[in-house]
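The structure appears below as structure tokens.
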Amino acid sequence: MSATATRGSRIVLDTLYYIAAIGFFVALFAYFWTTEGGPTLLAMRLVPITFVLFVLGALRTNEFYPGLPRVMNAVIAAAYIGGALAVSVYMNAEYYDIGTSRAGDWNAIDISMGALMALFVMEYARRRHMPLFVLNVVLILYAVYGSFVPGLFHHGGLTWLRIATAMSVESATGVFSNLPQIALTVIAAFLLVLGMLTGFGCIESLLRGTKRVVARSPHALPQSAVVGSMCVGTISGSGAANAITIGSATIPAMIGAGMPPATAAAIESASSLGGQLMPPVMGVAAFLMAEFLGKSYFEVVARGYVPALIYYITVAMSVYLLAVRHHTRAVAAARQSLSGQDWMNLTAFVAVIGGLVALMAIWNLAPMFAALYVFVVIGSVMLAVHVAMLVRLRDLSLGNLIAPLKRFLDSYTEMTADLTLLLATLGIMTGALVITGVPTKLGSVLIQMAGVNLVAMVVFAFLFGAVLGTGLPPAPTYILVAIVIAPPMIKVGVDPWVVHFFAFFLGVWGELTPPTSLVAVITSKIANASFYRTLNRALQICVSLFTLMAGVFVRPELVIEPGVHQLGAAGLILVATIGLTFSMQARYAARAMVDLPVRVALAALALVVLLYPGKWVAAAFAVPVLLAIGYWLVRCRDLVPPDSGARPEVERSGEGMRNQGQN
């Protein structure tokens with residue numbers, strides 16, 4: 001194909017994409033403002049449109065079916081888009097009849113359209129989330145052929161017609177269920193704010209400001225990854241987004257300062273992962289938690305701040321210990337002056353966070369409306385300032401005027417469409433689980449195996465979630481743990497907040513379990529480092545996820561009531577976590593014969609603080625842990641570790657960066 005034809009094809013694809021993206025944004029914005037029709041009708045209208053956006057986006061980047069000729073790609077894409085648009089139009093026109101007069105007795109067209117959308121979602125899952133695709137296929141086959149399964153999981157088998165309706169037109173499960181509805185309502189409203197900040201360059205300004213603050217000390221330089229990811233995490237809720245946004249700048253800077261590549265990648269992996277913990281926009285699983293518990297999203301946010309701060313304080317301490325160990329040095333280029341545009345962007349970022357919290361906490365506004373109003377007010381101000389600056393610089397052209405709006409639209413539609421299709425995929429998964437009764441059967445097995453022994457139940461739940469986390473992202477891991485593990489635990493008296501936060505932490509931790517850690521894949525690629533070495537070191541830095549999972553059962557007040565009730569439990573868990581971090585990362589003596597026993601003793605004391613249920617005993621053991629930490633800070637901080645094995649890796653890091661630059 002000639003260059004002219006390629007350019008023409010690209011223009012056509014861009015035009016079609018932006019027409020679909022603008023229509024999608026307008027439809028969502030109108031719903032946010034009016035809530036007309038309700039979330040189920042919204043899902044029936046727009047889930048097919050998200051698939052259209054997915055297809056057009058893949059065509060624009062030549063990632064649709066790269067092994068096929070362009071003409072074949074165009075034909076298949078046209079068929080997909082035509083089918084998805086037909087589903088959207090039909091479901092919108094027949095919505096009320098499908099849900100009322102024909103409910104339970106759907107006609108052939110109803111079922112065909114619903115099944116077609118389910119197939120489209122499965123194709124999306126096959127392209128983007130292969131483990132989920134395989135799991136859904138297995139569950140669907142089990143639902144149909146359960147009569148061939150012996151033992152406890154035997155059932156009579158369901159018809160393919162029952163599967164088709166359960167995955168689509170029933171709307172209680174499947175591709176139009178509450179999961180994609182959450183993506184298109186509350187989550188999509190918060191993504192408006194993130195898209196706005198991305199479009200106007202606030203994230204880049206935030207990173208420059210963070211680096212300027214921490215670059216005053218060579219040991220503080222790696223903290224730019226921690227602080228930057230924590231700040232971006234307040235409005236992204238995504239570990240992968242943090243890793244791409246922050247890691248592309250912080251990882252090369254850390255390597256240049258003397259940090260081994262795998263360690264630099266691990267620091268960014270751990271820092272980025274906290275984006276799913278940090279309010280007010282936590283990860284997808286936090287929105288699902290509110291849905292499972294029947295609570296408002298802000299009730300989850302109010303309880304989530306303290307665990308998130310424990311996580312980031314511990315990660316920051318671990319990063320400091322690593323910086324001391326590897327003798328990181330100051331990098332002159334790390335200091336950057338902030339322009340007036342940067343200061344305006346930082347002000348907008350603070351206003352967004354403050355506005356979201358104030359509207360939800362003080363005025364008790366629903367999260368969707370809080371995000372909408374913040375977007376309208378702050379977005380309007382930023383657009384007005386942008387126009388004023390272009391006028392002052394005499395650079396007011398159409399291209400410059402719409403540049404931030406185009407970046408916003410690209411970011412917003414891609415994130416929202418991808419997330420909606422992911423949750424539609426999870427809707428198929430949960431539907432297959434529910435209609436076959438798997439959660440009830442697994443729950444009965446759990447109770448029989450563990451009885452009322454909470455420790456055994458927690459260990460079983462952890463192993464169950466850990467296995468899931470090796471192949472699934474955090475959201476499906478959380479859903480499966482919440483569906484299977486939560487009911488029997490609640491039945492034996494565990495507070496629902498405790499169980500669901502445990503499932504939430506377990507889902508986040510699963511993001512770091514091989515072989516599917518997207519965050520570690522991104523950071524190790526940026527650092528040109530070993531994926532598994534990065535993963536191993538990131539798990540050590542993320543020890544707070546383990547202590548939070550255990551601590552939430554030992555000290556349930558950490559999440560049961562937000563506010564001052566959390567502080568006592570938070571203090572003990574934080575001391576225990578930092579003690580464990582020092583036992584793994586610090587060095588107390590040059591000789592291993594002295595150093596190792598000291599660190600083992602410190603770890604034992606920290607575990608008592610974490611796991612002993614009595615507060616006063618735990619507090620008493622916290623004293624020697626704090627003394628050991630203080631002793632290291634005063635006497636051992638500059639101690640050279642006996643195994644200087646990091647130096648060859650530092651040298652290799654320079655070579656790796658040179659090779660990366662050549663590539």
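The values are calculated or read from the model by the stated rules, or taken from the named source; none is laboratory data. What you see is a predicted model, and the numbers here were worked out from it, not measured in a lab. Positions of Cβ are generated from backbone atoms using ideal geometry, with glycine treated the same way; all protein chains shown enter the neighbour counts. We work out accessible area using only protein heavy atoms, side chains counted, and drop any ligands, DNA or RNA first. Shrake-Rupley method; radii C 1.70, N 1.55, O 1.52, S 1.80 Å.
What to note about this one:
- Checking I402, I313 one by one, the residue that is more than 29 Å from I22 (Cα to Cα), β-branched (V, I, T) and either open to solvent by 50 Å² or more (accessible area, probe 1.4 Å) or in contact with a Phe, Trp or Tyr (Cβ under 8 Å, 6 or more places away or on another chain) (or both) is I313 and no other.
- As for the range 492-510, it holds no residue that is under 23 Å from M282 (Cα atoms), under 17 Å from the mean Cα position of the chain (by Cα), hydrophobic (A, V, I, L, M, F, W, C) and modelled with pLDDT under 85.
- Search result, residues across the range 162-171 that are assigned to a helix (DSSP H, G or I) and over 9 Å from A115 (Cβ atoms): R162, A166
- Selection from the range 460-473 of residues that are within 17 Å of the chain's Cα centre (by Cα), surrounded by fewer than 24 Cβ atoms within 10 Å (Cβ to Cβ) and touching a residue at least 60 places away in the same chain (Cβ under 8 Å): G471
- Residue list for the range 558-575, restricted to those being open to solvent by 60 Å² or more (accessible area, probe 1.4 Å) and of a type outside the set (D, E): V564, H565, L567
- Selected residue (criterion: nearest to D410 (Cα to Cα)) from residues of the range 4-28 that are touching a residue at least 60 places away in the same chain (Cβ under 8 Å) and aromatic (F, W, Y): Y18
- Positions within the range 66-106 being in contact (Cβ under 8 Å) with a residue 60 or more places away in the chain, within 20 Å of A118 (Cα to Cα) and not hydrophobic (A, V, I, L, M, F, W, C), in sequence order: G99
- Any hit, the range 43-62, residues being under 30 Å from V193 (Cβ atoms) and without any contact (Cβ under 8 Å) to a residue 12 or more places away in the chain: yes
- Residue among T35, T61 that alone is open to solvent by less than 60 Å² (accessible area, probe 1.4 Å) and among the hydroxyl-bearing types (S, T, Y): T35
- Note on the range 31-55: among residues that are small (G, A, S) and modelled with pLDDT under 95, the one that is nearest to L422 (Cα to Cα) is G38.
- Every residue from the range 79-113 that is open to solvent by less than 60 Å² (accessible area, probe 1.4 Å) and more than 14 Å from E170 (Cα to Cα): Y80, I81, G82, G83, A84, A86, V87, S88, Y90
- Test: residue in the range 275-283 that is open to solvent by less than 30 Å² (accessible area, probe 1.4 Å), in contact (Cβ under 8 Å) with a residue 24 or more places away in the chain and touching a His at 6+ places or on another chain (Cβ under 9 Å): no
- Total residues in the range 125-165, condition in contact with an Asp or Glu (Cβ under 9 Å, 6 or more places away or on another chain) and either of a type in the set (S, T, Y) or open to solvent by less than 30 Å² (accessible area, probe 1.4 Å) (or both): 1
- Taking the range 518-538 as the range and being in contact (Cβ under 8 Å) with a residue 24 or more places away in the chain, out of contact with any Pro (no Cβ under 7 Å at 6 or more places or on another chain) and either open to solvent by less than 50 Å² (accessible area, probe 1.4 Å) or within 16 Å of V467 (Cα to Cα) (or both) as the test, the residues that pass are V519, A520, I522, T523, S524, I526, T534, A538.
- If the condition is being surrounded by fewer than 24 Cβ atoms within 10 Å (Cβ to Cβ) and over 15 Å from E291 (Cβ atoms), then the range 172-191 contributes no residue at all.
- When A417 is tested against (1) outside any helix (DSSP H, G or I); (2) crowded, with 19+ Cβ neighbours inside 10 Å, exactly one condition is not met: (1).
- Residue match in the range 510-517 (condition: part of a helix (DSSP H, G or I), touching a residue at least 12 places away in the same chain (Cβ under 8 Å) and buried (at least 24 other Cβ atoms within 10 Å of the Cβ)): yes
- Of the residues making up the range 60-102, those that are in a loop (DSSP other than H, G, I, E, B) and out of contact with any helix residue (DSSP H, G or I) (no Cβ under 9 Å at 6 or more places or on another chain) number 5.
- The condition of being farther than 26 Å from I255 by Cα and assigned to a helix (DSSP H, G or I) holds for only one of V352, V324, V319, V315, that being V352.
- Residue within the range 576-593 that is surrounded by 14 or more Cβ atoms within 10 Å (Cβ to Cβ), of a type outside the set (V, I, T), closer than 24 Å to M457 by Cβ and touching a residue at least 40 places away in the same chain (Cβ under 8 Å) present: yes
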